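The values are calculated or read from the model by the stated rules, or taken from the named source; none is laboratory data. Fair warning: this is a prediction, and the values are worked out from it, not measured in the lab. A quick note on method: Cβ atoms are made from the backbone with ideal geometry, for glycine too, and the neighbour counts reach across all protein chains shown.
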Amino acid sequence: MAKIPYILNDEQFNAMLNHLKKKNSLSVKLMYWCGLRVSEVCNLRKEDIDLKNKRIYIEKSKNLKNRYVPISNKLLVELRDFEPLNTNRFNIYNSIKRIGRKFGWNITPHTLRHSYATHLIEKGMSIVEVQYLLGHTSIQTTNVYLHTSLDKIQDHFEKIDL
């Protein structure tokens, strides 16, 4: 049986933001609220951000795929004056791991992407839509996000009340 990845909730994410240096804060928000890979965050350019249509263009990411991802309303103001981030994968990875250790969470930058996808599915987005947003070639890759918590299952079961 595959190990279910660690998923952050909004409360944990906000606690994480409170312990980040400002220069890494936007990077982490882009991964959690837009589902970007750490490499996509590092390569993001001003011209990739379309505030009018509320989307980010990701060019030639993994498997050389291009895609658009919606911009979370929580990020619109911060992205108005966007300048390429002065950071790298190593810096982001270390910041996230450091905060994870502080709180006792086993997290990496990819945890933020896992959390994004899981939250979308829990809120009713189809697996095919999530596949597109994540830029996955195969639906099999996206299927890892179909896990759910026993609490969610219990909650749904009680609403159905057979």
Checklist entry - Considering only residues of the stretch 65-98 that are part of a loop (DSSP other than H, G, I, E, B) and basic (K, R), which is surrounded by the most Cβ atoms within 10 Å (Cβ to Cβ)? => result K65
Next on the checklist: Given the criterion within 16 Å of L133 (Cβ to Cβ), in contact (Cβ under 8 Å) with a residue 12 or more places away in the chain and among the polar types (S, T, N, Q), identify the matching residue among N63, N86.
Outcome noted: N63
Item to check | Output for the stretch 18-64, where each listed residue is under 14 Å from L79 (Cβ atoms) and assigned to a loop (DSSP other than H, G, I, E, B) | outcome: L36, L44, R45, L51, K52, N53, K54
Next on the checklist: For the stretch 99-125, give me the residue count where each residue is in a loop (DSSP other than H, G, I, E, B), at pLDDT 90 or above and among the small types (G, A, S).
Outcome noted: 1
Checklist entry - Of the residues L36, L51, L17, L26, which is in contact with a strand residue (DSSP E or B) (Cβ under 9 Å, 6 or more places away or on another chain) and either of a type outside the set (F, W, Y) or crowded, with 16+ Cβ neighbours inside 10 Å (or both)? => result L36
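Confirm whether Y132 is in contact (Cβ under 8 Å) with a residue 12 or more places away in the chain and in contact with a strand residue (DSSP E or B) (Cβ under 7 Å, 6 or more places away or on another chain). It would help to see each step written out before you state the result.
On the way: in contact (Cβ under 8 Å) with a residue 12 or more places away in the chain: yes; in contact with a strand residue (DSSP E or B) (Cβ under 7 Å, 6 or more places away or on another chain): yes.
Considered against the rule, which asks whether it is in contact (Cβ under 8 Å) with a residue 12 or more places away in the chain and in contact with a strand residue (DSSP E or B) (Cβ under 7 Å, 6 or more places away or on another chain), Y132 comes out as yes.
With respect to I4, determine if the residue is surrounded by 15 or more Cβ atoms within 10 Å (Cβ to Cβ) and either modelled with pLDDT under 95 or more than 13 Å from the chain's Cα centre (by Cα) (or both). Walk me through it before giving the result.
Numbers: surrounded by 15 or more Cβ atoms within 10 Å (Cβ to Cβ): no; either modelled with pLDDT under 95 or more than 13 Å from the chain's Cα centre (by Cα) (or both): yes.
Here the answer is no, as I4 does not meet what is asked.
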